[in-house]
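Encoded as structure tokens, here's the structure I'll be asking about.
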Amino acid sequence: TIDLGEPAGPRQILSGLAQHLPIDAVRGARVVVLCNLGSKKLGGVESQGMVLCAKGEGGLCFVTPPDGSAPGARVSFEGFAGEPEQNPKKLAKKKAWETCMPDLATDAEGVACYKGVAFATAEGKCTAAVRGAPIS
């Protein structure tokens, strides 16, 4: 489960990262989560979001929020105005994830970016230890 600061409590999010990361690296990790996707069953268990990771020559690692970010802090992209879509069915129809994913990557400094614009919370930029790598 992942605490996103929601009144309903932590979300159950399945990731398939067991083959890439030891459990000690996963447990208690601060991560960036894509939350407004519809729930999906994976292996018969409901997953309520997607953990974002960068994967490249340096391996696989979480995209992490900046220090001081509260659980559930909203990530935004300067120059891309708008509120998050609240209806997961509309996102599915628009194929939002499939459209955005090719433009998600870390830059040479490890800053997570969408179309070259940093993922950011009020506390700063989101990063990953793997540089110059796609995010999924």
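Give me the percent of accessible area attributable to carbon and sulfur for the chain, probe 1.4 angstrom.
Taking all protein chains in place, the chain shows 54 percent carbon and sulfur surface.
What distance in nm lies between label points placed 7 Å from Cα along the C-beta direction at residue 6 and residue 18?
According to this spin-label approximation, the distance is 2.4 nm.
Another question about this same structure. Rank by packing, highest mean first: peptides 114-124, 58-68, with packing defined as the count of other Cβ atoms within 10 Å averaged across residues.
Answer by packing, highest mean first, reads 58-68, 114-124.
Excluding same-chain pairs closer than 8 in sequence, count the lysine pairs in the chain whose Cα atoms lie under 21 Å apart.
15
Could you list the residues of the stretch 101-136 with an amide nitrogen less than 17 Å from a label point located 7 Å from the Cα of residue 26 in the Cα-to-C-beta direction?
136
Which whole-number percent gives the relative contact order of the chain, counting Cα pairs below 8 Å spaced six or more residues apart?
Contact order relative to length: 26 percent.
For the chain, what is the accessible area per residue in Å², given a 1.4 Å probe and the full set of protein chains?
Ligands and nucleic acids excluded, the result is 63 Å² per residue.
Test of understanding: what is the full-extension gain from residue 115 to residue 55, defined as 0.36 nm times their sequence separation minus their Cα-Cα distance?
Between residue 115 and residue 55, full extension yields an extra 19.9 nm.
Can you grab the distance from the C-alpha centre of the stretch 93-136 to the C-alpha centre of the stretch 1-49, Å, no decimals?
First find each Cα centre; the distance between them is then 18 Å.
So, with +1 on the Cβ of K and R and -1 on the Cβ of D and E, and no other charges, what is the size of the charge dipole of the chain about its Cα centre, to the nearest 20 debye?
The calculation lands at about 540 debye.
The values are calculated or read from the model by the stated rules, or taken from the named source; none is laboratory data. What you are looking at is a predicted structure, and each value in this text was computed from that prediction instead of being measured. Counting neighbours? That spans all protein chains shown, and the Cβs are built from the backbone with ideal geometry, glycine included. When the accessible area is computed, the model is the full protein with side chains, heavy atoms only, and any ligands, DNA or RNA have been set aside. Shrake-Rupley method; radii C 1.70, N 1.55, O 1.52, S 1.80 Å.
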